[in-house]
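The values are calculated or read from the model by the stated rules, or taken from the named source; none is laboratory data. Here the structure is a predicted model, which is why all the values come from computation and not from measurement. In this analysis, Cβ positions are derived from the backbone assuming ideal geometry, glycine residues included, and neighbour counts consider all displayed protein chains.
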Amino acid sequence: LDLLAGNTTNNASIRLGKFINISLNGGDLLADAANPDNGISLTYVNNGKMQAGNMTLNLTNGLSGYAWQAKADNDLTINGAVSGTTGWAAVLGLTAGGKLAINSPGSISLQANDTGNGGGRVLVSGDKGVTLNAASGTVTLKAAKAATNGVDITSGNGAVSITNMVQNGSDGLTLANANISSKEGIVLNGTTFWGKAVVMSGVNLTAGGDVDITGLAKNLARGELGAASASGVQLSGSNISSTGGNITLTGTAGTDKSKTGVSSVQVSNSTLTTNNVLTLNGTTETTTGVKVTGSTLSAASLNVNGVAHVQGTGFSLATSQLLGSLADLTNVTLSSAGSAAGALNSLDGSIVNDATRDTLLAKRIENMTAVDMGGQAIFDDSTKTEKGWTQDYSLADLPNHGWIFNNTSVTAGGDVNLKGAGFTNSAVTVTNGNLNIDNSGPVPLSGTTLTVNDGAVNLHAGAGTIDLGKANISAKGDITLKADNGSVWISGTNATVKANITSAEGNISAEAYNPSTGGVTGISVNNAQLNAGQGSININGTTPGTMSGVRFTNVDLNANADTGSIKVYAESKGGQDTYEEKGSLYFGGTDTFTAKNIDMTGRNLKNSYNGAGTVFDGGTTLFNGNTSIEGYGYGLGIVFWNQVHLGFTEGNASLKGQTTGPGGSDHYYRTGAIAGSGVYQAAKVYLNLTHSNLKIDADSSSSKYGTVPAFGIVNPASEGYKVNGFIFQGDGDLNISGVSADGNAVDARLFDNTALVGNVAVTGTSQSGTGVYFGGQLNSTLVNAQITGISESGSGVVLAAKSGTASLGNNTISGTSATESGIQLTGNNITLTSGTLTGTATSGNGSGVVLTGGSNYILDGASITGTAVDGSGIAVNGTLTVNNGTAVEGHATGNGNGVTVSGDLATDSGDGISITGTALSGDGIKVDGDTTLASAVLNGSADSGTGVNIAGNLTTDSATQVSGHAASGTGVNLGAALTGATVEGSSDVGTGVQLADNAVVTEAVLNGTSTSGDGVAVTGSVTLDDTSAAALNASSTSGTGLKLADNANVSIQTIAKVTQVKKDADGNPV
């Protein structure tokens, strides 16, 4: 029977309806495309069956359906993808009296997951062999875990081979609750990239020949091992048995080191039995090569080959049984050949006991291997005359060989000198002598207490880690930890139960270089105490890796407070983000450091702006003694994450951050010599001084592009919604200095020193950025501070309150710029009380001081001085409240104006504002735009310019006095409306008061005098009310008192005044 479709149509289908039963009584069946250029598919709707002698199904678009069966008396061949499910107590089956072969260009999926209504089973049988091959897809053979469900794959006289190849994160070959039996061998071969290559759960394999299971997680084109949670072979709750052959499991993957629970070959709660050789081969990069737990292994011989190329564990066998010829370990070969020098192996008490330990210790294993001692002492010389223990467990041809003794003890009365040895969960006591452990590989000491009553401790790892997790060391003399090609880990249980490293009379030194480039650390000190009460502490951790040179979390370091020092150097190449180190020198949790002198340096060598030298990652860090903390990085020197509390006690302290790169930034990552990173919170630094002086230096001058700030606590990602900055408390002097090329030298939003008793100085110097900048979500309260900002082409000092508040009390603020403004105070909710502002623009059109008021902008008793060349010495704009005799003094040395005023200046307390302006050829004071003044005093002078130029409408009161003097120009020029005020204008050779075109004068007193010029000159159409006209006084010594120029037009208006008696609600005078 030939079932042909697709003669004229591509993607045609053969469709078999419900409960179809086709039987050819031994004849052959072919399903194929009538036109070989077209693709076809075959679909069983429900419970269909086909039976033939030989059956060939060429289905480029696949075979699918529910509870279908295909049976061949001889061979059954399917060329195409295959999928099917079953239930309702039905069988989904493929049966061949000869060979069964599925050659799929995609995936193969046969599943019986429905447990209701009698369940269902998958049956795949080929008497002379079964071959399932998914050339570019996955293989899934699964059944629910129930008595009514299952997958059975059998070959009575042949072999079973199941393979796949897929290059993504899918699980390659998955078997669940399946039985596979073969008279000959069984081959399972799964390939993926970053998924699980072979996953077997609840599987029973029985073979007369070899069983070979291979899982490979690898990109075959690039040769790159799969990372993430990739694994080779995962076997759980299963049984594998071979009566006449070998059993071999081989798994290869590059699992990410963070996935510590994933191994390349993982056997759990399973039984593997053979009369011949059992081999477990596992290769990983950073986790575990071979891991066996809760399992039973029985064979004539066992070979375990576990490889951890970079770091991690070669092999680990625990809570398992070795039976038969394996029980005494004689026929067990253990190897970690090819592993990194720092890799370890592990065997627990279920594998090694008192009877088998000597057999194990005679084996030549390439890396250090943990051995459980069951509480038995490995060495005790208490009853011996000769004291001390010297033992070399390393081998000349296997330099990383050695043993890690678990759950044991050492008692020695003399020197202990060991090579190739480590201890876990043990106690090592040396009553008289030194302890030296000198390993070519790592030095594992987790859970171990080292006590050296009258000597020193020297731990050396030639490669790998010195692991002091939950460990304690106490010694009378020096304690030295050195890892040549690895890390030093010191960690306690938690922040309350800390590891303790104590030298009673000596120093503590930890030095590590980890050559790996991945997520590794040089030295990690976590939940630990280091005490050198009579000496010093030195820590040096470097790595080209990405998780810090030195990391401190919840630590206490104590050196001698009178003579001792703490020195820390950290170097790495990691990034400054939540998933990386954040800084080469890392502080987290609650940390305390005490010494006479404390010197700490973090240096980041990542060739990118997203790398920080030193980071304070939230928490509280306290320093007792003279302290120097430095951070160097391409784009970040020192960075503060979220809310940080820093304390400095009894000594002089300094923070120095410096960029080393040429620049660069973006809208997410922050940059700056000293910067803030508030991802989940605002970056707020609470800094407390106790009898200490603090100097903060930030230098980003190396960065020539990207507007990289120096002291830049604000980061781009926080713009608009976070209040980043510093709160200073305690007692002591504070000095902040920032130097930048194209960024702001000092840049913060939150700056509060009201709780600090001491002098405060802030200095910022930038080439093209702002010297000192407070802006954005502002919350600044500064008192008694000296603030100096200097810039070449930017502004000297800028306070720009977009929102929030700024309170400046009794501060001395100085700003200098070559071409821009010396000082700018702009926005809302700004209060300047009793302070001094001095702004200078040394060239160009920049202003010395710019005051731009919004709502709630108050100057109270302040003294403001500005100097410019061709710009305004002081420019006052907007709405301001000026109280208690605020004094404004502006000077222009070129063509600019001394003071330019435009806006409403109101006084609601004390004397009004005093404005003094001087100019050469410009205006001493210029009123520009609609301006309101109350109780003000204006005094302007100029050489050839105008003393006071009222070019905009000015409304004042009778208490306001306007005085202008010019040498050769005009004393006071009125070119707009003036209401109120007493105006005094004088000139040597020019005009005292000039009433220019469009001048309107109401309720004002005008007095113009000149030596040789005009006292008062009317030069256009002018309007005066009768009061102002009557009070007009014009005089000249040798010139004209009152001069009406050609085409002058003077209009006098009478202003009637009516006084109305104020009455109460009943009409009675009040």
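Grab the strands (runs of 3 or more DSSP E) fully contained in region 808-907, keeping just those with 3 or more residues being of a type in the set (S, T, N, Q).
It comes to 812-817, 836-841, 863-868, 874-883.
Here's the yes/no breakdown for (1) of a type in the set (A, V, I, L, M, F, W, C); (2) without any contact (Cβ under 8 Å) to a residue 24 or more places away in the chain; (3) closer than 26 Å to GLY126 by Cβ:
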site	(1), (2), (3)
THR8	no, no, no
LYS18	no, no, no
LEU30	yes, no, yes
ASN38	no, no, no
LEU42	yes, no, yes
LYS49	no, no, yes
MET55	yes, no, yes
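Against the definition (closer than 20 Å to VAL869 by Cα and surrounded by 21 or more Cβ atoms within 10 Å (Cβ to Cβ)), how does ASP943 come out, yes or no?
The answer is no for ASP943.
Give all pairs with beta carbons closer than 9 Å in which a residue from region 392-405 that is under 18 Å from THR313 (Cα atoms) and touching a residue at least 24 places away in the same chain (Cβ under 8 Å) meets a residue that is of a type in the set (Asp, Glu) and outside any loop (DSSP other than H, G, I, E, B); count only pairs at least 6 apart in sequence or on separate chains.
PHE405/ASP372
Check VAL304, VAL310 and return the single one that is at pLDDT 95 or above and under 27 Å from SER264 (Cβ atoms).
So the residue among VAL304, VAL310 that is at pLDDT 95 or above and under 27 Å from SER264 (Cβ atoms) is VAL304.
Restricting the search to region 364-406, which residues are more than 44 Å from the chain's Cα centre (by Cα), of a type in the set (A, V, I, L, M) and surrounded by 13 or more Cβ atoms within 10 Å (Cβ to Cβ)?
ALA377, ILE378
For ASP37, which of the numbered conditions (1) at pLDDT 95 or above; (2) part of a loop (DSSP other than H, G, I, E, B); (3) within 60 Å of the chain's Cα centre (by Cα); (4) not β-branched (Val, Ile, Thr) fails to hold?
Evaluating ASP37 over (1) at pLDDT 95 or above; (2) part of a loop (DSSP other than H, G, I, E, B); (3) within 60 Å of the chain's Cα centre (by Cα); (4) not β-branched (Val, Ile, Thr) leaves (1) as the failure.
Search region 854-878 for residues being buried (at least 24 other Cβ atoms within 10 Å of the Cβ) and under 43 Å from the mean Cα position of the chain (by Cα), and hand back the single one that is nearest to ILE813 (Cα to Cα).
LEU859
Name the strands (runs of 3 or more DSSP E) wholly inside region 86-156 in which the number of residues that are touching a Phe, Trp or Tyr at 6+ places or on another chain (Cβ under 9 Å) and within 22 Å of GLU184 (Cα to Cα) is 1 or more.
Qualifying strands (runs of 3 or more DSSP E): 90-96.
Please give the strands (runs of 3 or more DSSP E) falling wholly within region 943-1029 in which 2 or more residues are touching a Gly at 6+ places or on another chain (Cβ under 6 Å).
Per the criteria, 946-950, 961-966, 970-974, 982-987, 1005-1010.
Among the residues of region 453-480, which ones are over 31 Å from the mean Cα position of the chain (by Cα) and not in a loop (DSSP other than H, G, I, E, B)?
VAL457, ASN458, LEU459, HIS460, ASN472, ILE473, SER474, ALA475, ILE479, THR480 - these are the residues of region 453-480 that are over 31 Å from the mean Cα position of the chain (by Cα) and not in a loop (DSSP other than H, G, I, E, B).
Has region 543-550 got any residue that is under 17 Å from ASN624 (Cβ atoms), assigned to a strand (DSSP E or B) and touching a strand residue (DSSP E or B) at 6+ places or on another chain (Cβ under 8 Å)?
No, every residue in region 543-550 fails to be under 17 Å from ASN624 (Cβ atoms), assigned to a strand (DSSP E or B) and touching a strand residue (DSSP E or B) at 6+ places or on another chain (Cβ under 8 Å).
Can you tell me which residue among GLY338, GLY314, GLY306 is assigned to a loop (DSSP other than H, G, I, E, B) and either of a type outside the set (Phe, Trp, Tyr) or at positive phi (or both)?
GLY338 is the lone residue from the list that is assigned to a loop (DSSP other than H, G, I, E, B) and either of a type outside the set (Phe, Trp, Tyr) or at positive phi (or both).
With modelled with pLDDT of 90 or more, of a type outside the set (A, V, I, L, M, F, W, C) and touching a Pro at 6+ places or on another chain (Cβ under 6 Å) as the only criterion, which of ASN744, ASN753 stands out?
The unique qualifying residue is ASN744.
Take the conditions modelled with pLDDT under 95, assigned to a strand (DSSP E or B) and buried (at least 22 other Cβ atoms within 10 Å of the Cβ) and apply them to LEU938. Does it pass?
no
Hey, can you tell me all the residues within region 200-253 that are out of contact with any Ser or Thr (no Cβ under 8 Å at 6 or more places or on another chain) and among the acidic types (Asp, Glu)?
GLU224
Can you tell which of PHE593, PHE587 is surrounded by 22 or more Cβ atoms within 10 Å (Cβ to Cβ), without any contact (Cβ under 8 Å) to a residue 60 or more places away in the chain and more than 16 Å from the chain's Cα centre (by Cα)?
Only one candidate qualifies: PHE593.
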